[in-house]
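Everything below concerns the one structure shown next.
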Amino acid sequence: MGRVDGRTALVTGASRGIGRAIALELAREGARVAVNFASNEAKAQEVADEITALGGTCLLVQADIGKPQEARAMVEKVAKEFTHLDVLVNNAGITRDAMLPQMTDQQWVDVIQTNLGGCFFCTSAAIPFMTAQSYGRIVNISSLNGQIPAIGQANYSASKGGIIAFTRTAAAELVHSGITVNTVAPGYTETDMFESVPAALQTKIKGHIPMGRFAHPEEIAKAVIFLVADGDYITGQQISVNGGAFM
Ligand code: NAP
């Protein structure tokens, strides 16, 4: 028996990295899972195949979460096809790094619109379904770099700090609706996103992590599953999964 048997879930940005690990873990624990991706259909299909191989049910949903109409249409499609929507994991995110004097307006807008905007668009679309069933578990993926200064990432750290603030307010607004809203804030995690960081910088970063290594995506997924499966009395909180990088 799985810990989330009978539940339905939508994970944004689930074709790769942390989202993929979350989708697989939810499926392993018995949820039917909608796997969202932006453009990488082949990778998303691999995740769908893995879920099917586990004996689970998967729905592939392409949408750019930074586009309000696409994000909302996706949430409605998933809720209708699954007949209800219990779990929303706002995971999809991007980086467009530059030091402040060089950061373009487009880099700023793209990151805020996708990371923070996408979180709002999907959450606001999910609320009517979750309110109607008096049950919902929303987990927003923030970042260590929303908790501490992140040189060259003013856009990203603002989006991730914004997610933490957004989570608290959403949790307070929804506390009487049976819906919990929490944040998981990963530290540096071995995914495509982190691979784009130059090797020399990776070594420097590792030196600042008390546990001396980067996270595996599955370690982030475990915190998400905990909140979804066992977090009935937890809302408005953030769980940092970062090897002790921010205490
Ligand atoms: P990743 O490996 O780069 O994967 C990003 C995922 O998001 C992909 O599935 C991608 O889809 C999807 N995506 C990107 N833009 C999208 C959009 N506009 N609409 C829908 N989906 C979109 O990233 P990751 O490292 O797993 O990161 C996942 C989350 O964790 C992000 O929010 C990130 O900020 C956060 N995080 C990561 C780290 C880290 O070190 N890796 C640390 C802290 C926080 P396609 O495959 O279709 O492109």
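The values are calculated or read from the model by the stated rules, or taken from the named source; none is laboratory data. It should be emphasised that the depicted structure is a prediction, and the values quoted were computed from it without experimental measurement. No Cβ is skipped: glycine too gets one built from the backbone with ideal geometry, and neighbour counts run over all protein chains shown.
If we keep just the residues of segment 135-169 that are basic (Lys, Arg) and more than 12 Å from the ligand (Cβ to nearest atom), which is surrounded by the most Cβ atoms within 10 Å (Cβ to Cβ)?
Residues of segment 135-169 basic (Lys, Arg): 137, 160, 168.
Add one more test, that the residue is more than 12 Å from the ligand (Cβ to nearest atom), and what stays is 137, 168.
Details: Arg137: 25, Arg168: 16.
So the residue we want is Arg137.
Hydrophobic (A, V, I, L, M, F, W, C) and within 30 Å of His176 (Cβ to Cβ): does that describe Ala48?
No, not satisfied.
Could you count how many residues in segment 91-122 are in a loop (DSSP other than H, G, I, E, B) and more than 13 Å from the ligand (Cβ to nearest atom)?
Result for segment 91-122: 6.
With respect to Gly152, is the statement that it is in contact with an Asp or Glu (Cβ under 9 Å, 6 or more places away or on another chain) and among the small types (Gly, Ala, Ser) true?
Yes.
Being in contact (Cβ under 8 Å) with a residue 40 or more places away in the chain and over 18 Å from Ala63 (Cβ atoms) is true for just one of Gly118, Gly162. Which residue is that?
Going through Gly118, Gly162 in turn, just one is in contact (Cβ under 8 Å) with a residue 40 or more places away in the chain and over 18 Å from Ala63 (Cβ atoms): Gly162.
In segment 49-68, is there at least one residue being within 14 Å of the ligand (Cβ to nearest atom), part of a helix (DSSP H, G or I) and closer than 12 Å to Gly13 by Cβ?
The answer is no, given that none of the residues of segment 49-68 is within 14 Å of the ligand (Cβ to nearest atom), part of a helix (DSSP H, G or I) and closer than 12 Å to Gly13 by Cβ.
Taking segment 69-90 on its own, how many of its residues are closer than 29 Å to Trp108 by Cα, among the aliphatic types (A, V, I, L, M), part of a helix (DSSP H, G or I) and more than 10 Å from the ligand (Cβ to nearest atom)?
Going through segment 69-90 one residue at a time, the tally reaches 2.
Can you name the helices (runs of 4 or more DSSP H) wholly within segment 178-247 that have at least 1 residues being at pLDDT below 95 and within 14 Å of the ligand (Cβ to nearest atom)?
Passing ranges, in order: 192-195, 199-206.
Which condition breaks for Gln133 when tested against (1) over 19 Å from Ala92 (Cβ atoms); (2) of a type in the set (S, T, N, Q); (3) in contact with a strand residue (DSSP E or B) (Cβ under 9 Å, 6 or more places away or on another chain)?
Going through the list (1) over 19 Å from Ala92 (Cβ atoms); (2) of a type in the set (S, T, N, Q); (3) in contact with a strand residue (DSSP E or B) (Cβ under 9 Å, 6 or more places away or on another chain), Gln133 breaks only (3).
Can you pull out every residue in segment 1-48 that is of a type in the set (Lys, Arg), near the ligand (Cβ under 9 Å from one of its atoms) and in a loop (DSSP other than H, G, I, E, B)?
Answer for segment 1-48, where residues must be of a type in the set (Lys, Arg), near the ligand (Cβ under 9 Å from one of its atoms) and in a loop (DSSP other than H, G, I, E, B): just Arg16.
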